[in-house]
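Have a look at the structure below, then the notes.
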Amino acid sequence: MPTEFSESEFRRAATLRAVEWTSWPGFLSPLFVPILLIWFVWWKVLVSLFCANLVWTLIRYRVNNFGLSNLAAVVVQVCKWPIALACFGVLIYQRRVGVSILSLLWPLLSGLFVIPGKVGLIEASWLRQINILSPNSDAKLTIWAPILKGDGEPTRSLAVPCGSRVPSREEYRERLQDRMDILIGQDPQKAWRVFEGMCHPETSPDFCGIKSMYQVKDLAVQLAISDQMNLLLGKIDWEKDNPTLEGTEEDLPSLMDYLQEISL
């Protein structure tokens, strides 16, 4: 794990960087599009950027580098507005008012040049690099499974990968959300079908509300903050001594296992 990150910080950063990596040329475009607008016709620049994003879709899952992605995020954050303002001034001097406005607003408009992808696959790859997730079904990893009130043994159907210590209530919520998001990202359409099969107005009203108002990309977040999740967290015996366990990827639950426990 990079030394500048704690595990929880790495997880949050991995999610953000994975979203950016799915359409990296578009994410990096505030660094070069305003400059190119000075020298080239604006529509040719935008068409070229779109083509670059299309090419990127062919390689984005094969090569990924968290360190490079994280460095790029810092550079874009620091440089995008100074570049936009400088190029705006040059274009105004050239009396190209329309293009100058495009250059100035490009840090905001660049988000339109995005081709959605499987964020969970990229995120999982980075988590595996630091052994938060196991790279294969046989490799060892540390997991934590909660004990529900009134039970004496950990509930493996709610197990999550964890670090060296037992997670707090909010850390567990985050890790459960992360795990569900990764499982959903592996096959979003199948995940949505599984979720739809769990939607029952009487037993899981929150699920029905999420189904009607949100898309599959929002599923893990909405489940994590739902009333039914809060009820589940309230059933966990946080006072009971419950150390971490050693296991493998095969010991972790499926998405259906998580949904069944949350809906109870």
Of the residues in region 90-121, those that are more than 19 Å from TRP43 (Cβ to Cβ), surrounded by 13 or more Cβ atoms within 10 Å (Cβ to Cβ) and not hydrophobic (A, V, I, L, M, F, W, C) come to PRO107, GLY117, LYS118, GLY120
Residue ID - farthest from the chain's Cα centre (by Cα), chosen from residues in region 177-194 that are surrounded by 17 or more Cβ atoms within 10 Å (Cβ to Cβ) and not aliphatic (A, V, I, L, M) = PRO188
Of all residues in region 113-159 being modelled with pLDDT of 80 or more and basic (Lys, Arg), the one that is nearest to LEU68 (Cα to Cα) | ARG156
From the list LEU85, LEU68, LEU58, LEU36, which residue is buried (at least 18 other Cβ atoms within 10 Å of the Cβ), more than 27 Å from GLU170 (Cα to Cα) and either at pLDDT below 90 or not hydroxyl-bearing (Ser, Thr, Tyr) (or both)?
-> LEU36
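Regarding ILE210, is this residue farther than 17 Å from GLN260 by Cα, in contact with a helix residue (DSSP H, G or I) (Cβ under 6 Å, 6 or more places away or on another chain) and surrounded by 17 or more Cβ atoms within 10 Å (Cβ to Cβ)?
no
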Within region 188-208, residues being without any contact (Cβ under 8 Å) to a residue 12 or more places away in the chain and either touching a Gly at 6+ places or on another chain (Cβ under 6 Å) or closer than 28 Å to LEU121 by Cβ (or both) number 3
Filter result for ASP227 (surrounded by 13 or more Cβ atoms within 10 Å (Cβ to Cβ) and either closer than 21 Å to THR155 by Cβ or assigned by TED's automatic domain parsing to the domain that holds THR15 (or both)) | no
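The values are calculated or read from the model by the stated rules, or taken from the named source; none is laboratory data. Small disclaimer: the values here were computed from a predicted structure and weren't measured. Positions of Cβ are backbone-derived with ideal geometry, glycine not excepted, and every protein chain shown enters the neighbour counts.
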